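The values are calculated or read from the model by the stated rules, or taken from the named source; none is laboratory data. Here the structure is a predicted model, which means the values were calculated and not measured. In this analysis, Cβ positions are derived from the backbone assuming ideal geometry, glycine residues included, and neighbour counts consider all displayed protein chains. Ligands, DNA and RNA are excluded from the accessible area calculation, which covers all protein heavy atoms including side chains. Shrake-Rupley method; radii C 1.70, N 1.55, O 1.52, S 1.80 Å.
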Amino acid sequence: SEYADISLKDIDQVSKSSFPLCMRHLFEKLREDHHLKHGGRMQLGLFLKGVGLKLDDALAFWRAEFSKKVGSERFDKEYAYGIRHNYGKEGKRTDYTPYACQKIISSAPGVGDHHGCPYRHFSEDNLRAALGRMGLSSRGMEDVMDKVRNKHYQLACTLTFEAVYGTSCDVGINHPNQYFEESQKILKS
Ligand code: SF4
């Protein structure tokens with residue numbers, strides 16, 4: 001990518017400054033629970049690959065968290081394969097691409113899942129709280145909630161982007177990795 005690849009020592013800071021809400025949520029839950037179910041591992045794992053996290057760093061990152069929950073032996077046995085698989089190093093060796101908003105919005109997270117699009121899948125209370133943590137004013141929040149009520153989830157995300165970075169985003173948000181890149185452009189300019 002044209003941006004410096006993300007490194008492990010920066011990942012927490014970058015998650016707060018540049019990840020869209022769907023990925024911030026998965027990242028925080030992983031740090032908190034030291035675990036994510038399959039849908040979350042796929043959605044966050046492929047996103048992180050898309051922002052330039054190298055396979056070795058990805059394995060170290062997931063291993064550090066999962067080890068706290070299931071132990072490193074079980075991680076190596078049951079979970080490392082899936083990460084290498086996402087990077088095209090196992091199975092059919094397909095180089096899997098990160099999910100676009102449309103796919104994430106139309107997913108159906110169940111109980112205990114943290115993947116999906118918060119604008120589509122969070123309760124109103126949870127969404128308002130999350131937007132508050134991103135620093136939205138009450139005016140900004142009402143504009144976002146208005147788009148949510150009309151089921152314009154990507155527009156809600158675009159308005160959040162504009163509020164967070166204080167600039168317009170005329171192209172609109174259609175992919176979590178695009179959100180990341182647009183935000184890096186602004187933060188690094
Ligand atoms: Fe993520 Fe896209 Fe939803 Fe924004 S609109 S939170 S980038 S899935």
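What residue, among those in the range 64-96 that are assigned to a loop (DSSP other than H, G, I, E, B) and of a type in the set (D, E, K, R), is surrounded by the most Cβ atoms within 10 Å (Cβ to Cβ)? Among those residues, the one meeting the criterion is Glu90. Taking the conditions (1) open to solvent by 50 Å² or more (accessible area, probe 1.4 Å); (2) part of a helix (DSSP H, G or I); (3) within 13 Å of the ligand (Cβ to nearest atom) in turn, Asn174 satisfies each one other than (2).
Among the residues of the range 177-189, those that are under 19 Å from Gly140 (Cβ atoms), within 12 Å of the ligand (Cβ to nearest atom) and not charged (D, E, K, R) comprise Tyr179, Ser183.
So which residues in the range 1-48 are among the hydrophobic types (A, V, I, L, M, F, W, C) and more than 21 Å from Gly82 (Cα to Cα)? Let's see the steps before the verdict.
Just the residues of the range 1-48 that are among the hydrophobic types (A, V, I, L, M, F, W, C), to begin with: 4, 6, 8, 11, 14, 19, 21-23, 26-27, 30, 36, 42, 44, 46-48.
Listed by number, the residues that qualify are Ala4, Val14, Phe19, Leu21.
The single condition from (1) without any contact (Cβ under 8 Å) to a residue 40 or more places away in the chain; (2) surrounded by 12 or more Cβ atoms within 10 Å (Cβ to Cβ); (3) among the small types (Gly, Ala, Ser) that Gly110 fails is (2). Among the residues of the range 43-63, the ones that are crowded, with 17+ Cβ neighbours inside 10 Å, of a type in the set (A, V, I, L, M, F, W, C) and not in a loop (DSSP other than H, G, I, E, B) come to 8 in all. On inspection, Glu124 passes the criterion of being more than 15 Å from the ligand (Cβ to nearest atom) and modelled with pLDDT of 95 or more.
Evaluated against (1) within 20 Å of Phe47 (Cβ to Cβ); (2) within 19 Å of the chain's Cα centre (by Cα); (3) open to solvent by less than 70 Å² (accessible area, probe 1.4 Å), Leu159 falls short on exactly one condition, (1). Within the range 162-170, can one find any residue that is open to solvent by 30 Å² or more (accessible area, probe 1.4 Å) and within 10 Å of the ligand (Cβ to nearest atom)? No, that holds for no residue.
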